[in-house]
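Encoded as structure tokens, the structure appears first; notes follow it.
The values are calculated or read from the model by the stated rules, or taken from the named source; none is laboratory data. What you see is a predicted model, and the numbers here were worked out from it, not measured in a lab. Every residue, glycine among them, receives a Cβ derived from its backbone with ideal geometry; neighbour counts consider all protein chains shown.
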Amino acid sequence: MRISDIQGPSLTEVIAFTMIEKPEDVAIVERQAADRMATVRGWYGWRAVDVDVVDDADELVRLTIYAQPVGAGYREEATFTFLTDRDGKRRSARLDAFLAACGVSERVDDTREIKGRFFATKNRGRGVRDFGPLTNALVG
């Protein structure tokens, strides 16, 4: 598909819309366009803002990551939950994929190492292949 094959408003119409319409209406259209592009890519960007560790059954802990959206696509804040042991020896491939997406190559000794890290997900981070670096969400 070439760019000339895409149907839509002309550049003149777009510029006129952004100059004439209310900022709230322009923001709605901008959010919808960004959401559409994120949907086409399939990846959404996140920033880990908080980490919660709670004891669970069988000497495991529940690691909950609270994340804020980053980049294109309007979304609410999200949570991602993983089970591991306190030493990090018994952990899932999904948790390893999350840590790799955040740029953490080994184990995490302090949850503060995760806070502020950026990553991307698709399919709401349900599987191992659903975590990746933030560039997946930012590059078309």
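Using the structure shown, decide if Val139 is among the hydrophobic types (A, V, I, L, M, F, W, C) and modelled with pLDDT of 90 or more.
It is false that Val139 is among the hydrophobic types (A, V, I, L, M, F, W, C) and modelled with pLDDT of 90 or more.
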Query raised in the report: Could we say that Arg90 is modelled with pLDDT of 90 or more and basic (Lys, Arg) here?
Result: no
Query raised in the report: Looking at region 71-84, which of its residues are at pLDDT 85 or above, closer than 28 Å to Ile28 by Cα and surrounded by 14 or more Cβ atoms within 10 Å (Cβ to Cβ)?
Result: Ala78, Phe80
Report task. Kindly indicate the residue of region 85-101 that is hydrophobic (A, V, I, L, M, F, W, C) and either part of a loop (DSSP other than H, G, I, E, B) or touching a Phe, Trp or Tyr at 6+ places or on another chain (Cβ under 8 Å) (or both) and also surrounded by the most Cβ atoms within 10 Å (Cβ to Cβ) among those meeting that condition. Result -> Phe98
Report summary line: Of the conditions (1) of a type in the set (D, E, K, R); (2) crowded, with 18+ Cβ neighbours inside 10 Å; (3) over 18 Å from the mean Cα position of the chain (by Cα), the single one that Lys122 does not satisfy is (3)
Requested in this report: State the number of residues belonging to region 29-49 that are modelled with pLDDT of 70 or more, among the aliphatic types (A, V, I, L, M) and within 26 Å of Leu99 (Cα to Cα).
Outcome: 2
Requested in this report: Test Asp55 against the criterion of being surrounded by 13 or more Cβ atoms within 10 Å (Cβ to Cβ), at pLDDT below 90 and more than 30 Å from Val14 (Cβ to Cβ), and give yes or no.
Outcome: no
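Test Gln68 against the criterion of being modelled with pLDDT under 85 and under 21 Å from Ala137 (Cβ atoms), and give yes or no.
no
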